[in-house]
Protein chains: 2
Amino acid sequence: MDRQALQERLLRIVGPDGIIDDPDELLVYEYDASDEVFAGHHRPDITVLPRTADQVQEIVKLANEFGVPVTPRGAGTGLAGAALAVRGGILVVMTRMNRVLEINERDGYAIVEPGVINLELSQLTQPRGYFFAPDPSSQRACTIGGNVANNSGGPHCLKYGVTSNHILGLEVVLPNGERIWTGGPAPESPGIDLTGVLVGSEGTLGIVTKVMVRLTRLPEAVNVLLAAFADLESASQATSAIIASGILPAALEMMDHLTIKAVEAAFHAGYPEDAGAVLLIELDGLAEIVAESADRVVELCRGCGATEVRVARTPRERELLWLGRKSAFGAMGRLAPNYYLVDTTVPRTKLPPTMRTVEELSREYRLRIANVFHAGDGNLHPLVLFDRFVPGEIERVLRCTTDILQYCVDVGGTLSGEHGIGLEKRDYMTLIFTTEDLCAMAGLKRSFDPRELFNPDKVFPSGFSCGEVNAIRQQAMAKRLGIEFV
Amino acid sequence: MDRQALQERLLRIVGPDGIIDDPDELLVYEYDASDEVFAGHHRPDITVLPRTADQVQEIVKLANEFGVPVTPRGAGTGLAGAALAVRGGILVVMTRMNRVLEINERDGYAIVEPGVINLELSQLTQPRGYFFAPDPSSQRACTIGGNVANNSGGPHCLKYGVTSNHILGLEVVLPNGERIWTGGPAPESPGIDLTGVLVGSEGTLGIVTKVMVRLTRLPEAVNVLLAAFADLESASQATSAIIASGILPAALEMMDHLTIKAVEAAFHAGYPEDAGAVLLIELDGLAEIVAESADRVVELCRGCGATEVRVARTPRERELLWLGRKSAFGAMGRLAPNYYLVDTTVPRTKLPPTMRTVEELSREYRLRIANVFHAGDGNLHPLVLFDRFVPGEIERVLRCTTDILQYCVDVGGTLSGEHGIGLEKRDYMTLIFTTEDLCAMAGLKRSFDPRELFNPDKVFPSGFSCGEVNAIRQQAMAKRLGIEFV
């Protein structure tokens, strides 16, 4: 690659303030929010910060011309290393494309650029009675484009569904440099569902340059309850009991003893420090129903042995109850120098045995594990605490988390609840997908990106080149069935 | 093609009662529910009715070996001609794979074979408190597999969303004969979303052999209201007013004067015959809320000039109110020998001008048009009435419906609300998709089906061969950007 020539051409596209190629400045872009211990650090050759879709299109055409990898990136809050330029090349940072282009209340959508911050969109639409439902914990920093790439979740996904349920259409620059719109405001789009393919594809199929999002009406009333239990088991039972009663909370979050203690020490959210587990339950909807449901939830929690149930009486109390949950990851610094966050999902009914298994593995590997997670939809987040400078500890963490993932998959769960696969979990993909599954995905990937320039070494297991797999597969078919491929 | 040899090999797979090759018996399979006047009739070389996924897999392998087209088919209730074997070959009828394999209430899903009838699944799960939400008008006959292929809608999609919102995973035989599972019970599946690609792909990417569907909890209470208006305009205003009030009905259906008259003559559903339009509004949820919302809907309808509002007091009254709507298409025979059903969607706010345009086009082309449709989500169903034996009438119908589609697209709508593209609308695809859009879809299609054996001549515009397009596109890229393709 003629780095100098590439740099000059990129400069002409984005201007001097849109390009970062100084080695010191590039340091920042070697990392995202994934743990360096596991994801490593990877310096892009050049970072560009385009301001328009036209610029993105020109950048992609140039990458094709030079044959260099392209890695799209939002705010870099991803936890699976999907935004790391593992093979160098051009890192395309989308944060300057942050305009809200249209808010259409009557038809319930907005068109935004991918660099718009998740929370800012909701703050902007709130006075008009709407919000953007997906709310990852990083919502103060993460971008809508990143939410699309990772099909992000968040506490409110229990009731409102993950990001894919809230994306109506996308403008996207494809790996060949073409720019298309997929989807639209109608509930169904004819032809092959390209919007569906692109959401969650982690930057491997293109760069999103505009997003048409569904806006959700703000509920009339919101209430938050905190229920304390002696142990995770009874809190899990209460979770099941609430869902089984027909009440669908907006959020149903669980925290274990270790998390409660860390949160209290760091933020004084007022959680009961002696509890073995707490549930944070948010109800929303019509005022009357929320009040009724709250009474019923209190009853159900007591029936499952809750030692204490608090109902927030003011918005301030609500915020305080949420504060602990939202700051839980940050509070972990009190407990250990490092933590590794496992993101996995099990069927809700499998929560109690899964929590027991996590506890057993914690003992077996002599690693403390804090649990803070979306109990309502079975999305676990065990935080495995460690110190990277203690010899052998990293290896134990890896073995322990592999065992957790394997167990979750064995009971019918999956590899990721909301953080994606990226670099971090690519080698676990074979736990849940057969070679045939991966080949079908690889074929699709190749149809978008035949030269495999877009976010290489992500999602697919290492050693699994889409091109090779495609060729091998076609040869096998040709041999078996006497087929000629055009 | 050695038809004799193919037949013998198929016979070995499905047995003598699983194959239909007698020309007289094949007649039945020349048609689906689309209008023969527009879709024509197309005889498959052989029809097979497999009983297992293994058999489907063997059939597909055989089709590859012989290089013959494969057209999957459910109950044949589709209105866009997607289940017609346009190029002959093997028609794979899935109706005998009709077992419900698992109902899991606690985790809220069922696993069914694709030939299960839509309504039967809901009837089966109802005693346990669940139903399958998508409810196309053909739900007494259509199959879940057909719903998946067409991403079917129905009256209740307003509240519950189209089929894609209710499919958790699929077992599918790919065009290369491999069998894979996509998705699963978790709300999000890692990697590329193959479930999303397959739902709505109209049999062009594979044959679904098992479906994991989301089950929805039955609401505590249901109520149905009928509101009569002087004209479509005021009924449209009431529709907007109801949605704007924050009430989300389970269904919000509109019928115009012509439809009301036909329905009354045929079925005596008790609709007010002098009304210019009626709205059928179903509310569901908690009993108290349904009652409150019903009062509010009555008020809103009166505010928009409703001449009469009826509230069903018993389940029998509810059924009667629905009867007219559900039988509307059948009642059209009273008005004309033929009708052409246009399925299109506009933003809800564009309903009043769209209805006026339909009326104008009706006058301009001297064709009576009945309107019966899902007003709540802007999904129009103008029924253009005609007599195929009146010279020039068919041509006028085609010009009129093209104008309707063009108008809907111009105001921000789309080609199909729920019936799919199939054969019928393939040539309209260029109204909403650019060559680049179609190329991206074609590339994806080719990655699944490189030999284009699966449901050929569907969805993509005529003269648009996925293979050619792909080749042309790669040549253009090679030329422009100096790219080599492996």
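If contacts are Cα pairs under 8 angstrom and at least 6 residues apart, what is the relative contact order of the range A:100-217 in percent?
This gives 32 percent for the range A:100-217.
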What is the percent of Cα-Cα separations in the range B:1-95 that go past 16 Å?
50 percent
Let me know the mean shielding of A:408-415 by other chains, meaning the per-residue number of their Cβ atoms within 10 Å of its Cβ.
3
Kirkwood Rh and Cα-based Rg: tell me the resulting Rg over Rh for chain A, rounded to two decimals.
0.98
Arranged from highest to lowest average of other beta-carbon atoms within 10 Å per residue, in what order do the peptides A:312-318, B:250-256, B:403-409 appear?
B:250-256, B:403-409, A:312-318
With Rg from the Cα atoms and Rh as the Kirkwood inverse mean 1/r over Cα pairs, the range A:219-335 has an Rg/Rh of 0.96
In whole Å, how far is the Cα centre of the range B:386-412 from that of the range A:30-79?
49 Å
Shortest first and in nm with one decimal, please list how far the B:Glu36 label point sits from its counterparts in the other copies (point 7 Å along Cα→Cβ).
7.5
Determine, for each peptide in B:372-382, A:145-155, A:298-308, the mean count of other beta carbons within 10 angstrom over its residues, then list the peptides with the highest first.
A:145-155, B:372-382, A:298-308
Loop-only check: which GluC sites (Glu not before Pro) in the range B:113-203 are DSSP coil with at most 13 other Cβ within 10 angstrom?
none
If you count, for every residue in B:430-437, the Cβ atoms of partner chains within 10 Å of its Cβ, what is the mean?
4
Set the bar at 29 Å for Cα to Cα. Now go through A:Lys458/B:Lys425; A:Lys350/A:Lys445; A:Lys326/B:Lys210; A:Lys326/A:Lys425 and name every pair that lies beyond it.
A:Lys458/B:Lys425; A:Lys350/A:Lys445; A:Lys326/B:Lys210
For the range B:78-142, take N as its residue count and report Rg(C-alpha) divided by 2.2 N^0.38 Å.
1.33
Rank these for me by crowding, A:Ile46, B:Ile167, going from fewest to most other beta carbons within 10 Å.
A:Ile46, B:Ile167
Distances in nm from B:Leu101 to the matching label points in the other copies, shortest first (labels 7 Å along Cα to Cβ)
4.3
So for B:Leu91, B:Leu361, fewest C-beta neighbours within 10 Å to most, what's the order?
B:Leu361, B:Leu91
Alpha carbon centre of the range A:103-125 versus the range A:296-331: separation in Å?
29 Å
Report the gain in length on full extension from B:Asp22 to B:Glu220: 0.36 nm times residue separation, minus Cα-Cα distance, nm rounded to one decimal.
66.2 nm
For the protein assembly as shown, count all C-alpha to C-alpha pairs, find those more than 53 Å apart, and express that count as a whole percent of the total.
16 percent
Ordered shortest first, which distances in nm separate the 7 Å Cα→C-beta label point of B:Leu323 from those of the other copies?
6.2
Could you tell me what fraction of 2.2 N^0.38 Å the Cα radius of gyration of the range A:387-435 comes to, as a two-decimal ratio?
1.28
Chain A: relative contact order in percent, alpha carbon pairs under 8 Å with at least 6 residues between
14 percent
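Would you calculate, for chain A, the mean residue ellipticity at 222 nm contributed by helices, counting each DSSP H stretch of 4 or more residues as -39,500 (n - 2.57) and dividing by all residues, to the nearest 500?
Theoretical 222 nm ellipticity from helices: -11000 deg cm²/dmol.
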In whole Å, what is the distance between the alpha-carbon centres of the range B:235-260 and the range A:194-218?
30 Å
So what's the range B:169-230 giving for Rg/Rh, alpha carbon basis, Kirkwood Rh from the mean inverse pair distance?
1.24
Exposure proxy check: B:Tyr340, A:Tyr365 ranked by fewest other beta carbons within 10 Å?
A:Tyr365, B:Tyr340
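Output needed for the range B:171-272: three equivalent-ellipsoid semi-axes, defined as square roots of 5 times the C-alpha gyration tensor eigenvalues, in descending order, whole Å.
Calculated on Cα positions only, the semi-axes equal 42, 19, 14 Å.
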With no solvent and one point per C-alpha, what does the Debye sum give as log10 I(q)/I(0) for the range B:100-217 at q = 0.12 Å⁻¹?
-0.37
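Laboratory data are not the source of any read-out in this text; all were calculated from the coordinates shown. As the structure is a computational prediction, the values presented were derived from the model and not from experiment. No Cβ is skipped: glycine too gets one built from the backbone with ideal geometry, and neighbour counts run over all protein chains shown.
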